[in-house]
Amino acid sequence: MKNLVILGATGSIGTQTLEVVDALPDRLSVVGLSAHRSWQTLFEEARTHNPAWVTLTDGSLKEVVDGEALPDDSELLWGESGIHRMVTAEETDVVVAAMVGAAGLRGTIWALEAGKSVALANKESLVVGGPIVTELAERNGCSLLPIDSEHSAILQSMAGSPHREIERIILTASGGPFRTTPLESFEDITVEQALRHPTWQMGTKITIDSATMMNKTLEVIEAHWLFDLPAEKIDVVIHPQSMIHSMVEFVDGSVIAQLSPPDMRLPIQYALTYPDRLPGPARKLDLASLGRLDFEEPDLERYPALRLGFDVVKRRGTSGAALNAANEVAVARFLEGQIRFPDIVRLCEDILESHPFDSAPTLDVLLSVDQWARKEAEAWTRSVSSRF
Ligand code: NDP
Ligand code: MG
């Protein structure tokens, strides 16, 4: 039996993780759950899963929250100290890192420092803190397993092959909602259009990231750190059906792919039962009714974000932290209608280029670059929105 702490338990990944837990009651149980503001959903989850602790990270809710709605055997914790207590507790075996954004970095680091296994959905942890996170996992002998479907597919396709046998990995991308939209109309893309992803149901931020292709950029960086591969060994191909989740090409030319319907419960389950496979709740593949699988070269004019991921992998250091923070601000301001869709990537390019680069940063330096990039990005969005 593995005891889980789920950080970001009210989100798309968090709730699907609970479905996996429910399907595997002999293998998985929940000892801690966190949310930022959705306390009612969090407490409802606590009523069905009876964790020892629940944490709300937004401390401003203390006046509002009705503690009576929580089961008697669950203790309510607040803020980062609550996250720290849950992920480092002796009872905790695995931390599911499913918060959104750089806010997830500290939880991942604390879990690894305490020697816990981490099932990682929060790709931003690796984009911002790649060297620190991977080094910590290695030093403490912790397993750091991907939930992200592409990285899970790569892990599954590698099937334990030695690093020297890997020629390259091929990440698949659906192409998002604007794969065939005329380029001239990109300036007029609305929030509603960008939120309509063709194949995946996900949280708001990653849905916008998928529309800009920034999600694939973050995944290129994530793959670089997880699998220790240089930019030359990472490729991206558009695959609109999202059935092949990624592939590994070996030195002899053989390519192994992982296929399954777009259903995150499969990679979540694999990260939690690895290396075992068990019957679970994920939907099953029906190739005959699918009929065909398509592939296209990604067009960098349509998806300018894609270049940035490879830039970051080549430069490393603080560049991932700068890019990620700029993107978080840009997505939030796009959702509020303050900047246009193509501004998201323009802003990210500008901040990445101009940030105070450090090739071997400490965690403090990474966090200060994150703060610097957020301030600069806010100024950038103000200057653009005043022109509307
Ligand atoms: P959601 O927006 O659906 O959920 C985010 C979760 O994080 C919620 O529980 C939310 O709490 C919490 N949260 C939000 N802001 C903060 C904060 N500042 N501090 C602490 N907690 C916070 O996101 P997803 O589940 O879609 O994504 C989670 C992570 O998984 C992301 O990194 C994403 O890139 C990655 N991922 C997601 C996939 C998917 O299919 N959804 C696929 C692959 C990766 P509250 O509800 O209170 O706001
Ligand atoms: Mg993915």
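Here, each number is a calculation from the coordinates, and none is a lab measurement. Predicted, not measured: the structure shown is a model, and the values here were computed from it. Neighbour counts are summed over all protein chains in view; Cβ atoms, including those assigned to glycine, are modelled from backbone coordinates with ideal geometry.
Before moving on, here are some points about what is shown:
- For the chain, the extents of the C-alpha atoms along the principal axes are 57, 53, 43 Å, listed from largest to smallest.
- The stretch 262-377, relative contact order [Cα under 8 Å, separation at least 6], %: 26 percent
- Quotient of the Cα radius of gyration of the stretch 52-128 and 2.2 N^0.38 Å, N being its number of residues: 1.15.
- Local electrostatic count, Val5, Cβ distance below 15 Å [Lys/Arg +1, Asp/Glu -1]: -3
- Taking every C-alpha pair closer than 8 Å and separated by at least 6 residues, the mean separation divided by the residue count of the chain gives a relative contact order of 15 percent.
- Taking the Kirkwood radius as Rh and the Cα radius of gyration as Rg, the stretch 69-224 has a ratio of Rg/Rh equal to 1.04.
- Extension gain, Arg277 to Glu167, is 36.9 nm, computed as 0.36 nm per intervening residue step minus the present C-alpha separation.
- Taken over the alpha carbons of the stretch 1-150 as equal point scatterers, the Debye sum produces base-10 log I(q)/I(0) values at 0.15 Å⁻¹ of -0.68.
- Among the helices of the chain, those built from whole DSSP H runs whose Cα atoms reach 20 Å or more along their own axis and whose mean Kyte-Doolittle hydropathy is at least -1.0 are 124-139, 319-335, 341-354, 363-385.
- Within the stretch 1-103, GluC sites (Glu not before Pro) in DSSP loop having at most 12 other beta-carbon neighbours inside 10 Å: Glu63, Glu90, Glu91
- One Cα centroid belongs to the stretch 67-96, the other to the stretch 291-323; the line between them spans 37 Å.
- Potential extension, Arg196-Leu285 segment - 0.36 nm per residue separation minus Cα distance: 29.7 nm
- Cα centroids of the stretch 1-30 and the stretch 155-199: 27 Å apart.
- Peptide ranges 321-327, 290-296, 196-202 listed from the most packed, as the mean C-beta count within 10 angstrom indicates: 321-327, 196-202, 290-296
- Across the stretch 153-290, Cα-Cα pairs farther apart than 28 Å form 23% of the total.
- Counting neighbouring beta carbons within 10 Å and listing from fewest to most, the residues Val127, Val30, Val191 come out as Val191, Val30, Val127.
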